[in-house]
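First up is the structure itself, then whatever we jot down about it.
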Amino acid sequence: MLIRQPSGAAAALDFREKAPGAAYRDLFLDSLGNVMEGKSTIGHLAVGVPGAVDGMWKAHQRFGLLPWKALLVPAVSLANEGILLTSKEAEELNLQRDAIKRVNASPVPFVREQPWTVGDRLVQTDLGATLQRIADQGRDEFYLGETARLLVQESDRGGGILTQEDLAAYSAQWREPLTGFFHGYEVISMPPPSSGGLALLQLLEATEQVALDPDAGTAVQTIHRLTELQRRVYADRARYLGDPDFVVVPMLTLLDSLYISGRIRGVRQDTVTPSTLVQAGSFPGYESDQTTHFSIMDAEGMAVATTTTLNLEYGSKVVVNGAGFFLNNEMDDFSIKPGVPNHFGLIGYEANAIEPGKRMLSSMTPTIVVDRGKTRLIVGSPGGSKIITTVYQIILQTLLFGRDLPDAVAMPRYHHQWRPDTLFVENGRVSEDTLARLRQLGHRVVERSPIGRVDAIWIDDEGVLTGAADPRGDDSARGY
Ligand code: DON
């Protein structure tokens, strides 16, 4: 969560999950050192110690205006009275039905005999009771009380390793936000253990240096150059980024403009650098031992960008029996074996290896852009590894290419993350001619499902807010 107060003071709240105390580097490898398929993504071992409840509590303690209990009232009634499913929600639940059924011993409200359809009511009474307990007793109820007991009982039943001690030890952290500049705008974003802010600021600095032609938003040369920047930045992500409580992340160097100019020296107009020839940057002095997003602004001008996640669809698919909520599968965001890709195809090394109590690297990029002291843009997205390049493209489309926020959000997106050495573009959104020319240049172009799902707010000079919800989802933007 990234917060900018009307005074201009900014704060970052890290409520990222942590590895349980019993986790270790090779947790997901068998005795031959091979990755055990699916263990870091489905079922009880995939679960990191949850941070969201303590995160909301700490945010409320510092900035909340309404009583905690009052804030939970709508959530409790939505759980008890039920929500009406959108068509995407119905579709997703149907798609994941078998997996959810497989890992849960008792019936859960997400699974029923006949398929879900739009407008069906999903009632979650266990969740309603859990939220009511948290409303009455605060964050301690979740980490030390009845919910904690149910959670550990669920973990034990399913062969997980989460303990009461892990829950008791969890604490969200206030961190210093990362700040950089892009064409005179101040860009404030999330520090590690998310790689998002750092990678975004590297991309923006590199973009200024390659001097993109603002009239060429979708032209082959623009896509080509941005791809070359993205692959280099994600190579650094793989090598250097991890939980700053465990590893030294050389942030100053990685954001240094001279370092970045060195990184992009090899970018050529007419040639692709294969990812095999791109390594993370090197520099002296560094020891190499190495998704729902919401954007809000209130009447006073307080700006909040929050990205929060269970990781993949319905997380580990495990529902805490009796407590009614899904557990995450964030453990897959660790590098479970050096060089072996995770669900998002991201690779990593020592910096993001599993250690007890360590936070897994993230790509979440809640970001606030400030223009001459005023909040101009609040932005973020889900999308795993593609979050960073999505937020990056919204900033380019609005600030550099001058598009209105809704247009910027609707524009086709593309993504390159170093490995795989593939330029991903959204299905059917890029012309045959552009695809052919990118391929001619030497890019391995693959068309895929939509990239990112942005919910953002633009604030103009008069203080008028424009909310943009991504047409890729069934989200909406509202003012009250
Ligand atoms: O923290 C991360 O980077 C991932 N766990 C985010 C996962 C995500 O955005 C999935 N949504 N599409």
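The values are calculated or read from the model by the stated rules, or taken from the named source; none is laboratory data. Keep in mind that what you see is a predicted model, and the values were worked out from it rather than measured. Don't worry about glycine lacking a Cβ; one is built from the backbone with ideal geometry, like all the others, and counts go over all protein chains shown.
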Of all residues in the range 279-297, count the ones that are away from the ligand (no atom under 16 Å from the Cβ) and either at pLDDT below 95 or of a type in the set (S, T, N, Q) (or both).
12
Scan the range 349-357 and tell me whether some residue there is within 18 Å of the chain's Cα centre (by Cα) and modelled with pLDDT of 95 or more.
yes
Looking only at the range 1-35, and only at residues there that are in a strand (DSSP E or B) and of a type in the set (D, E, K, R), the one that is farthest from the ligand (Cβ to nearest atom)
4
So, in the range 363-396, of the ones that are β-branched (Val, Ile, Thr) and more than 15 Å from the ligand (Cβ to nearest atom), which residue ends up farthest from residue 222 (Cα to Cα)?
375
Quick check on the range 343-359. Is at least one of its residues hydroxyl-bearing (Ser, Thr, Tyr) and out of contact with any strand residue (DSSP E or B) (no Cβ under 7 Å at 6 or more places or on another chain)?
yes
Within the range 320-362, of all residues that are of a type in the set (Phe, Trp, Tyr) and crowded, with 20+ Cβ neighbours inside 10 Å, the one nearest to the ligand (Cβ to nearest atom) is 334
Residues (aliphatic (A, V, I, L, M), closer than 21 Å to residue 154 by Cα and assigned to a loop (DSSP other than H, G, I, E, B)) located in the range 103-122
105, 108, 111
For residue 317, work out the one condition from (1) within 16 Å of the ligand (Cβ to nearest atom); (2) surrounded by fewer than 22 Cβ atoms within 10 Å (Cβ to Cβ); (3) of a type in the set (Lys, Arg) it doesn't fulfil.
(2)
Tell me the residue from 117, 125, 147 that is touching a helix residue (DSSP H, G or I) at 6+ places or on another chain (Cβ under 8 Å) and surrounded by 17 or more Cβ atoms within 10 Å (Cβ to Cβ), please.
147
Those residues of the range 80-110 which are under 15 Å from residue 44 (Cβ atoms) and of a type in the set (S, T, N, Q) amount to 104, 106
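Okay, residues lined up against (1) in contact with a His (Cβ under 7 Å, 6 or more places away or on another chain); (2) hydroxyl-bearing (Ser, Thr, Tyr); (3) surrounded by fewer than 22 Cβ atoms within 10 Å (Cβ to Cβ):
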{"site": "197", "(1), (2), (3)": "no, no, no"}
{"site": "208", "(1), (2), (3)": "yes, no, yes"}
{"site": "267", "(1), (2), (3)": "no, no, yes"}
{"site": "270", "(1), (2), (3)": "no, no, yes"}
Of all residues in the range 240-265 being of a type outside the set (S, T, N, Q) and within 27 Å of residue 438 (Cβ to Cβ), the one that is surrounded by the fewest Cβ atoms within 10 Å (Cβ to Cβ)
265
Among the residues in the range 423-443, are any among the small types (Gly, Ala, Ser), within 14 Å of the ligand (Cβ to nearest atom) and in contact with a strand residue (DSSP E or B) (Cβ under 8 Å, 6 or more places away or on another chain)?
no
What tally of residues in the range 78-94 results from selecting those that are loosely packed, with under 13 Cβ neighbours inside 10 Å and modelled with pLDDT of 95 or more?
2
Counted residues, the range 15-38 - those being crowded, with 21+ Cβ neighbours inside 10 Å, of a type outside the set (Phe, Trp, Tyr) and more than 21 Å from the chain's Cα centre (by Cα)
1
